[in-house]
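What follows is calculated from the coordinates using simple rules that are stated; it is not laboratory data. A quick note: this is a predicted structure, and the numbers were derived from the prediction, not measured. Neighbour counts run over all protein chains shown; Cβ positions are idealised from the backbone, glycine included.
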Amino acid sequence: MADVMAYWTMSAVGRANLELAEGPIPTPGSAQILVKVAAVALNYRDRMAIDEGLTMIFPENAPFVPGSDMVGTVVAVGVDVDRFTPGDRVISTCLPDWIDGPGPGDARLGGPEALGSGYYPGVLAEYVILDQNWAVAAPEHLGDADASTLPMAGLSAWTALIERGRLRAGQTVVVHGTGGVALFGLKIAAAHGAEVIVVSRDDAKLARAKDHGAAHGVNRTTTDWVEAVYDLTGGRGADHILETVGGGHVARSIEAAAVGGRISLIGILDGYEISGPVAHLARKKLTVDGIQVGDRLSLENLVRAVDRAGITPVIDAEYPLADLPSALEHLEHGPFGKIVVTIG
């Protein structure tokens, strides 16, 4: 093992403050594991944290490392570690210490912060230290780049549709966009026998979505997508809607939902304030479900499903660690699926 490692760090908000630095490889403490990172999947949240701060804090006398989703190999363990041994391949849980149930948090602040927020260390590094409870065994049948995409994007879609949504074969799922969460939603829903309608503003991406299992594609810039959902479902509406836009767009999802339907609120692309017709919520008996990724046990369930059902992520591009700025630029302009940073 080399004596030093490379890692991305920043001391203030803004992409211009990113620095590729070198430092000593850390030693795991009690109940900690040292992981040699192979790949890191970027999320829209990572770009927002780097560019805008979100809830980011900068620890005193310590480098802030961004990023939450990684796959790698355990190379050393501290005392009292009983979940992993050196040589195990693992993926991170992006929300530390949420094992099961509603999770940590309070009424003022909500749920836990993610890795790479300043409250917790990030993973855009050649080696990372994780509490042993912040990782799960990686899927056996996915390569490193694919496996790295599960902790946030994959689990958000899985939590919405399966853990909370109890998706059944024959139901109709509307997916907004063709980013990481959206395409995971498409793959998971199709694997469970649902009919998936993808809504996007890009005809080329809609065509590609059909190659990955979408039954229908609707261009929202040329068609009223809500009316299209009515037409495609015979007026019944959608049983599940993955709402990755947020803001005022939620109102349209309320219109498109079936009686007894479920809207999983995941994205905030259109802002933090949601709105919609309250009467429809009652008359349609809708569930609007706020999704904050998911817990560790749900991630373990997703890993098993991926291995057994052969669900594969969609990766638009891979970048080396040193080219993180280009990866963030690509992410900002709307990839088809995930952007992954490969390490080593």
Given springs between every Cα pair under 10 Å in a Gaussian network model of the chain, which of V79, V314, V13 has the largest fluctuation?
V79
Between A282 and H141, with labels modelled 7 Å along Cα→Cβ, what's the label distance in nm to one decimal, could you check?
4.9 nm
Expected sort for D202, D307, D146 with the fewest Cβ neighbours (10 Å cutoff) up front is D307, D202, D146
Could you list R166, R15, R208 in order of exposure, starting from the residue whose Cβ has the fewest other Cβ atoms within 10 Å?
R166, R15, R208
Listed by chain and number, the residues whose amide H is under 5 Å from that of G122, excluding neighbours fewer than 5 places away on the same chain and using placed H, are V65, G116
Give me the mean projected area, in nm² to one decimal, of the convex hull enclosing the Cα positions of region 165-290.
6.8 nm²
Sort F336, F184 by Cβ crowding within 10 Å, fewest neighbours at the top.
F336, F184
Quickly work out the V13-to-D80 label distance, labels modelled 7 Å from Cα along the C-beta direction, and quote it in nm with one decimal.
3.6 nm
Can you compute the helix-only [θ] at 222 nm over the chain? Use -39500 (n - 2.57) per DSSP H run of at least 4 residues, normalise by all residues, nearest 500 deg cm²/dmol.
-6500 deg cm²/dmol
Cut-off 12 Å between beta-carbons: net charge of the residues surrounding G143, Lys and Arg +1, Asp and Glu -1:
-3
Using the crude model of +1 on Lys and Arg Cβ and -1 on Asp and Glu Cβ, and no other charge, please compute the dipole size for region 239-344 relative to its Cα centre, in debye to 20.
620 debye
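What pairs in K205/K338; K187/K210; K187/K284 have C-alpha atoms more than 22 Å from each other?
Beyond 22 Å: K187/K284.
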Tabulate in residue order the Karplus-calculated ³J(HN,Hα) for region 274-288, using 6.51 cos²θ - 1.76 cosθ + 1.60 with θ = phi - 60°, rounded to whole Hz; enter x for Gly and Pro.
9, 8, x, x, 4, 4, 5, 4, 6, 5, 8, 6, 8, 10, 9
With +1 on the Cβ of every Lys and Arg and -1 on the Cβ of every Asp and Glu, and nothing else charged, how large is the dipole of region 165-290 about its Cα centre, in debye rounded to the nearest 20?
360 debye
If every Lys and Arg gets +1 and every Asp and Glu gets -1 at its Cβ, then about the Cα centre the chain yields a dipole, in debye to the nearest 20, of 1260 debye
